[in-house]
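Since the structure comes first, as structure tokens, the remarks are kept for the end.
The values are calculated or read from the model by the stated rules, or taken from the named source; none is laboratory data. All figures in this text were calculated on a predicted structure; none of them were measured in a lab. For neighbour counting, all protein chains shown are included, and Cβ atoms are generated from backbone atoms with ideal geometry for every residue, glycine included. For the accessible areas, the whole protein counts, side chains as well, though only heavy atoms, and no ligand, DNA or RNA atoms are used. Shrake-Rupley method; radii C 1.70, N 1.55, O 1.52, S 1.80 Å.
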Amino acid sequence: MIKKALEVLQRYFGFTQFRDGQQKVIGSLLQGLDTLAIMPTGAGKSLAYQIPALLFKGTTLVISPLISLMKDQVDALLQYGVPATFINSSLSLNEVRSRIDGVTRGKYKLLYIAPERLESESFRGLLESLQVSFLVIDEAHCVSQWGHDFRPSYLHLGPFLKSLPQKPIIGAFTATATEEVQADIVRLLELDKPSIFVTGFDRPNLMFSTFRGENKKEFVLGYTKAHVNQPGIIYAATRKEVDNLQSFLTRSGLKVGKYHAGMSDPDRQKTQEDFLFDEITVMVATNAFGMGIDKSNVRYVIHYNMPKNMEAYYQEAGRAGRDGEPGECLLLFSPQDVVLQRFLIEQTVLQPERKMNELKKLQGMVDYCHSPRCLRKTILEYFGEENVQAKCNNCSNCNDEREIVDITLEAQKIFSC
Ligand code: ADP
Ligand code: MG
């Protein structure tokens, strides 16, 4: 069976071999087993379900959280000559009708939808008549209330799957590895004796650095000027911060785009495409930008503010170097970032238990920023890897002895006053 999968990989996608993890996941799905695959950003999760989708009979349904993500995936598939489509709220009613018509005629091998679409009675009817044999949940951490992008509509997936006359094979894919999230996914989707694959989380080509942000603006300006022809993403915590930083960098003569949820759909679409096609090299954005975006040559990701937890950080930072070439991940942090993140958590309406969990995860992020240890080791251990070597020699803590001295001095200061 794997031989057939390899043929598809070569024929449709033009790659010569599977990457670590892909083959096992594909093998498991082709055997008809429910499969939960936890693979880091950039590992190639899409192909791990697209190839089985091409080998299974009929149409595969892919549940995807974002309109932009569906579009990227479908565009890429069409380029490879794979018949695929999406149905979502960005389409006119006529277009939806014509795509549904195509689906019923078996025109597509993959159909992407958001989970909200399943709330529609008529759409559910359509699926029942299709007898979907393979159903994929991409970015499956969205199912879990412990995942960082929890979406309540994902909770209805489990009951929906149960209501189907014939249960499809389920493939759930995510880059978020904590055991809580894994257990939640298995439970909520009612996966049947699932095979669970966790691919090594290390991204050896990424260099991690943390900086206590004294003058963040100047730092970012200096860095982007020194890397002027290299694609990079700068994440800031709020829309206002994005607006400010983008206009500051633009005034300084750099060509910089911005992306956040406060912009109109066409504006966001346009900057996203400009970035994908290297019309602009630097994107200043909130975390609304990037989930699943397949731009492989991003050379650096700067966090202008500390994110809310390690899951979010590693996912965002992991957008650097997806092509396997070196990438830099720089995290600038300041005490105000912690205050802001704590405020955001406090302000959200959450059950007390969940709030505690969010605060615990925030503490993990703060600990990372202050850690004198190897940053890679700190990340990998956070995600549950064992026996990680003490030093990677490719992070700011391994490479810069001064950092450790500084922190020690500072700690002494705290203790002596
Ligand atoms: P993610 O795991 O983050 O969803 P993607 O599926 O978007 O990752 O894949 C990341 C990149 O890796 C894409 O550009 C994809 O074409 C490439 N890729 C995936 N599998 C292979 C492979 N077997 N050989 C070479 N490149 C691959
Ligand atoms: Mg993906």
Looking at the structure I just gave you, is Asn297 more than 30 Å from Pro152 (Cα to Cα), touching an Asp or Glu at 6+ places or on another chain (Cβ under 8 Å) and within 16 Å of ligand 1 (Cβ to nearest atom)?
yes
Pick from Tyr112, Tyr49, Tyr80: which is of a type in the set (Ser, Thr, Tyr), surrounded by fewer than 22 Cβ atoms within 10 Å (Cβ to Cβ) and within 14 Å of ligand 1 (Cβ to nearest atom)?
Tyr80
Complete set of residues in segment 311-331 that are surrounded by 17 or more Cβ atoms within 10 Å (Cβ to Cβ) and farther than 13 Å from Pro231 by Cβ:
Glu311, Ala312, Tyr313, Tyr314, Gln315, Glu316, Ala317, Gly318, Cys329, Leu330, Leu331
Give the residue that is nearest to the chain's Cα centre (by Cα), with candidates limited to residues of segment 332-382 that are among the aromatic types (Phe, Trp, Tyr) and open to solvent by less than 20 Å² (accessible area, probe 1.4 Å).
Tyr368
Among (1) part of a loop (DSSP other than H, G, I, E, B); (2) within 15 Å of ligand 2 (Cβ to nearest atom); (3) of a type in the set (Phe, Trp, Tyr), where does Phe150 come up short?
(2)
Could you identify the single residue in Ile293, Ile234, Ile280 that is at pLDDT 95 or above and surrounded by 15 or more Cβ atoms within 10 Å (Cβ to Cβ)?
Ile234
Scan of segment 119-137 for residues that are touching a residue at least 24 places away in the same chain (Cβ under 8 Å), within 25 Å of Arg97 (Cβ to Cβ) and either within 16 Å of ligand 1 (Cβ to nearest atom) or in a loop (DSSP other than H, G, I, E, B) (or both), ordered by number
Gln131, Val132, Ser133, Val136
Candidates Gly200, Gly171 - the one that is away from ligand 2 (no atom under 16 Å from the Cβ), in contact (Cβ under 8 Å) with a residue 24 or more places away in the chain and small (Gly, Ala, Ser)
Gly200
Select from segment 32-46 the residues that are open to solvent by 20 Å² or more (accessible area, probe 1.4 Å), more than 10 Å from ligand 1 (Cβ to nearest atom) and either among the charged types (D, E, K, R) or out of contact with any Pro (no Cβ under 9 Å at 6 or more places or on another chain) (or both) and list them in ascending order.
Gly32
Just name the residue that is modelled with the highest pLDDT out of those in segment 139-174 that are within 16 Å of ligand 1 (Cβ to nearest atom) and open to solvent by 10 Å² or more (accessible area, probe 1.4 Å).
Glu139
Quick one: count up the residues across segment 205-231 that are of a type in the set (A, V, I, L, M, F, W, C), touching a strand residue (DSSP E or B) at 6+ places or on another chain (Cβ under 7 Å) and open to solvent by less than 30 Å² (accessible area, probe 1.4 Å).
3
